[in-house]
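J.: Below is a structure I'd like to ask you about.
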Amino acid sequence: SQQGEEDPQALSIQEGENATMNCSYKTSINNLQWYRQNSGRGLVHLILIRSNEREKHSGRLRVTLDTSKKSSSLLITASRAADTASYFCAHAVRGSSNTGKLIFGQGTTLQVKP
Amino acid sequence: GAVVSQHPSWVICKSGTSVKIECRSLDFQATTMFWYRQFPKQSLMLMATSNEGSKATYEQGVEKDKFLINHASLTLSTLTVTSAHPEDSSFYICSATRLGVSDEQFFGPGTRLTVL
């Protein structure tokens, strides 16, 4: 299976703390993306990092990518109760026949307690 | 911009019936649309990749005769679950890539299918 892995599976923190989620994948990638999903809802795109990038920021989000280790991390700083959701990484498989195809990680469920 | 809608948002049907789910890109032309299914507390699993005017490419283990995909235009793809059974109950999500921009997928809000 090409499906990526994420850890931790579940994370519970207090408001104001930082949350770090990790993601690993198995194939060569074009890019890696992070998504957020509130319970029973669709996905919200958070950030995309390309294979030639090592770090990217967007507001309170910081994403790193280590292609040598085939891993990525998502850091949410100064978390808020509204950040409570499931977070998924997804990587775009390199190769012309797979253009645009995303393989999702298993997800991390984040709970931020007020 | 880049809004994807799905209809219906939820559906309950009897075992043995067929259900059609629509995925529309509202404000852009979609080169490719993808269909995923998600079981409770699990991740998204890609079912098939759909390109306008051509046959869908199904992932291994997905029955193409059970999950019929039609991509008739650059803004509409449909997924029909034929002869649905309770084990088909799931959250079905579509996504679309914008013409000329293949990196980012825009996701629909999902359709909750419950088969009784």
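Please treat every number below as a calculation from the coordinates, not as lab data. As the structure is a computational prediction, the values presented were derived from the model and not from experiment. Quick reminder, even Gly has a Cβ in these numbers, built from the backbone with ideal geometry, and neighbours come from all protein chains shown.
J.: Given Cα positions, please report Rg to Rh for region A:1-102, the hydrodynamic radius being the Kirkwood one.
T.: My calculation of the ratio gives 0.96.
J.: I need the Debye-formula profile for region A:49-114: one equal scatterer per C-alpha, no solvent, reported as log10 I(q)/I(0) at q = 0.17, 0.22, 0.28 1/Å, two decimals.
T.: -0.72, -1.05, -1.30
J.: Considering only Cα-Cα distances, which of the following residue pairs are longer than 32 Å: A:Lys26/B:Lys64; A:Lys56/B:Lys66; A:Lys56/B:Lys20; A:Lys56/B:Lys64?
T.: A:Lys56/B:Lys66; A:Lys56/B:Lys20; A:Lys56/B:Lys64
J.: What are the aspartates and glutamates whose alpha-carbon lies under 17 Å from the alpha-carbon of A:Lys113, with same-chain residues fewer than 8 places away excluded?
T.: Answer for A:Lys113, where 17 Å is the Cα cut-off: A:Glu15, A:Glu17, A:Asp83, listed by chain and number.
J.: Now, a different point. Starting from the Cα of A:Lys101, draw a straight line to each of the aspartates and glutamates and keep only those under 14 Å, dropping any in the same chain fewer than 8 residues away.
T.: Cα-Cα hits under 14 Å: B:Glu59, B:Asp103, B:Glu104.
J.: Set Lys and Arg Cβ to +1 and Asp and Glu Cβ to -1, take the dipole of chain B about its Cα centre, and tell me which of B:Trp35, B:Gly16, B:Ser54 lies farthest positive.
T.: With unit charges placed on the Cβ atoms, the residue in question is B:Gly16.
J.: Given charges of +1 on the Cβ of Lys and Arg and -1 on the Cβ of Asp and Glu, with all other atoms neutral, how large is the dipole of the protein assembly as shown about its Cα centre, in debye to the nearest 20?
T.: I would put it at about 60 debye.
J.: Please average, across the residues of A:39-47, the number of beta carbons from any other chain that are within 10 Å of each residue's own beta carbon, and give a whole number.
T.: Mean shielding by partner chains, rounded to a whole number: 5.
J.: Next up: Mind checking Rg over Rh on region B:1-83, alpha carbons, Kirkwood formula for Rh?
T.: That ratio equals 0.96.
J.: Hey, another quick one. How large is log10 I(q)/I(0) at q = 0.09, 0.11, 0.12 Å⁻¹ when the Debye formula is applied to the Cα atoms of the protein assembly as shown, each weighted equally and without solvent?
T.: -0.37, -0.55, -0.65
J.: Hey, got the average number of other protein chain Cβ atoms within 10 angstrom for residues in A:103-110?
T.: For this peptide, the per-residue mean of nearby foreign Cβ atoms is 3.
J.: Once the convex hull of the alpha carbons of region B:46-116 is built, what does its volume come to per residue, in cubic angstrom?
T.: Dividing the Cα hull volume of region B:46-116 by its residue count gives 95 Å³.
J.: Each label point is 7 Å from the Cα along the Cα-to-Cβ direction; what then is the distance between the points at B:Phe39 and B:Glu63, in nm?
T.: 1.6
J.: Note down the magnitude of the dipole of region A:1-101 about its Cα centre, charges +1 on Lys and Arg C-beta and -1 on Asp and Glu C-beta and zero elsewhere, to the nearest 20 debye.
T.: Taking the Cα centre of region A:1-101 as origin, the dipole is about 380 debye.
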